Amino acid sequence: MTRRRLVVSTVGISVFLKVLKENENNWRLQLNKAANDRQLSEELQRKVEELAQRAKEDLRQGDVKDRREKSAELNGLYGIYGNDLSVGKADMHCLIATDTALGRKAADVIADFLRENGLSVAIHTPDDLSAATPKTFSKGIKALIKWCEEIIPSYRDNDFHVIFNLTAAFKALQGYLNVMGMFYADEIVYIFEQSEQLLTIPRLPLQVDIETLRAHRVELAMMAEGHIFAQEEVASIPEGLMDVDERGNACISDWGLLIWKRVRHSLLNDDEPLRFPRLQYTDTFRRDFKQASPANRVELQEVLARVSHLLEDSGGDTAALKRHHGLQYEIYTNKKDRDGRPIGHFRVSQGRRISCTAENGMLQLRRYGEHSINDNP
């Protein structure tokens, strides 16, 4: 039985450029100039809507050869399926669109065509993914890495064969996805030059030296949550894992986040919680932590890194935890510890909570577990 496939395809704007007529070269210039814009002028927006309709009609009425010529994305997909898209009806397709007006519209055109041909399609648009500026591009890549880490492992667990179809990526994105594909995809495919010949790169057996990173788990976990350290505080972390600005502030780099996401399960699955700044652990919390499953311990450590990051940035003010939508920190009604301090709690996941008390900019964690800790925090 053939394994089902998860096909992740990058989306460009070729589907618009390919339907331009000879007398529309001025629009080609405008489209290329607006490739990274989140909003278009009214005039260009009207033209894009016209081109989208033109592209949809051309794709519907054309034969396979026409479709492959009109869309780089479809060129790759037809290559994967031997010119017969019906072969992929059991597969799942994810189109990665840039966070731009043209990227989103192009993805809609491709998705509509694939759905009309009976394929299952989802569009994902990582926040800030564009080549507008290096800073914006970096933020978009980090959002894409997080999406890969959240989505792809579950497909692989269900025995899907993961393919990265990179026939329609702008050069910077293609370069990053080549490396990401070595961690997340079973194979990476392109179309060779101007032909219809599929070029396939298999997954290589890459390994990360986990032990090199073990001493830096606290800092890496906090940076993965957005924390910024002074460069001297993290000077011993390998340079490629960090970005340092002109003021000497260090944050996790795109490659650093990719590596961290791949190794965090091995580095956070301890019997004891890591010593994050501004967090203290009672014996009861340590016991609850030790009794948790390995997967829950990893999840818990990431939440502790997030809480530590927020407290550090706010000088220990728990209002930062209350403002965070995911944590939902609040104080229990009429529940205090032996010293009269109010007991609060915050969310780890939909069903698990941590109870705690706050004093002098520190948070003392008391219990961890299901909703039942609300009765005995």
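The values are calculated or read from the model by the stated rules, or taken from the named source; none is laboratory data. Note that the structure is a prediction, hence the values are computed from the model and not measured. So basically every Cβ, Gly included, is an ideal-geometry build from the backbone, and we count neighbours across all protein chains shown.
Among the residues of region 108-129, write down those that are under 21 Å from A55 (Cβ atoms) and in a loop (DSSP other than H, G, I, E, B).
Across region 108-129, the qualifying residues are N117, G118, L119, T125.
Could you list all residues from region 177-197 that are surrounded by fewer than 12 Cβ atoms within 10 Å (Cβ to Cβ) and acidic (D, E)?
E193
Do we have R247 as charged (D, E, K, R) and on the phi < 0 side of the Ramachandran plot here?
Answer is yes for this residue.
Just for region 74-105: of the residues that are over 29 Å from P202 (Cβ atoms) and either within 20 Å of the chain's Cα centre (by Cα) or not basic (K, R) (or both), which one is surrounded by the most Cβ atoms within 10 Å (Cβ to Cβ)?
Across region 74-105, the extreme among qualifying residues is L102.
Go through R28, R67, R115, R38 for me and flag whichever is among the basic types (K, R) and in contact (Cβ under 8 Å) with a residue 60 or more places away in the chain.
R38
Quick check on R287: is it among the charged types (D, E, K, R) and within 29 Å of the chain's Cα centre (by Cα)?
Answer is no for this residue.
Restricting to region 106-141, what's the tally of residues that are under 15 Å from the mean Cα position of the chain (by Cα) and crowded, with 16+ Cβ neighbours inside 10 Å?
Of the residues in region 106-141, 13 are under 15 Å from the mean Cα position of the chain (by Cα) and crowded, with 16+ Cβ neighbours inside 10 Å.
Which of the residues belonging to region 164-176 are touching a Phe, Trp or Tyr at 6+ places or on another chain (Cβ under 7 Å) and either without any contact (Cβ under 8 Å) to a residue 24 or more places away in the chain or surrounded by fewer than 23 Cβ atoms within 10 Å (Cβ to Cβ) (or both)?
A172
Give the number of residues within region 239-283 that are farther than 27 Å from D209 by Cβ and either assigned to a strand (DSSP E or B) or modelled with pLDDT of 95 or more (or both).
So the answer is 6.
Step by step: first the residues of region 284-318, then only those that are hydroxyl-bearing (S, T, Y) and in a helix (DSSP H, G or I), then the one that is surrounded by the most Cβ atoms within 10 Å (Cβ to Cβ). Which residue is that?
Filtering first and then ranking leaves S308.
Name the residues in region 336-350 that are closer than 14 Å to E299 by Cα and either of a type in the set (D, E, K, R) or free of Cβ contacts under 8 Å to residues at least 24 places away in the same chain (or both), would you?
Within region 336-350, R347, Q350 meet the criteria.
If the Cβ limit is 6 Å and pairs must be 6+ apart or interchain, which residue in region 358-377 that is assigned by TED's automatic domain parsing to the domain that holds R341 and in a loop (DSSP other than H, G, I, E, B) pairs with which residue that is crowded, with 20+ Cβ neighbours inside 10 Å and of a type in the set (K, R)?
Once the first residue is assigned by TED's automatic domain parsing to the domain that holds R341 and in a loop (DSSP other than H, G, I, E, B) and sits in region 358-377, its partners that are crowded, with 20+ Cβ neighbours inside 10 Å and of a type in the set (K, R) give P377/R367.
Can you work out which of the residues in region 55-64 that are assigned to a helix (DSSP H, G or I) and touching a helix residue (DSSP H, G or I) at 6+ places or on another chain (Cβ under 9 Å) is surrounded by the most Cβ atoms within 10 Å (Cβ to Cβ)?
Only one residue tops the list, namely A55.
Can you go through T212, T200 and tell me which one is surrounded by fewer than 19 Cβ atoms within 10 Å (Cβ to Cβ), outside any helix (DSSP H, G or I) and among the hydroxyl-bearing types (S, T, Y)?
Answer to the check: T200.
Every residue in region 307-358 that is under 29 Å from the mean Cα position of the chain (by Cα) and of a type in the set (A, V, I, L, M, F, W, C), please.
Within region 307-358, V307, L310, L311, A319, A320, L321, L327, F346, V348, I354 meet the criteria.
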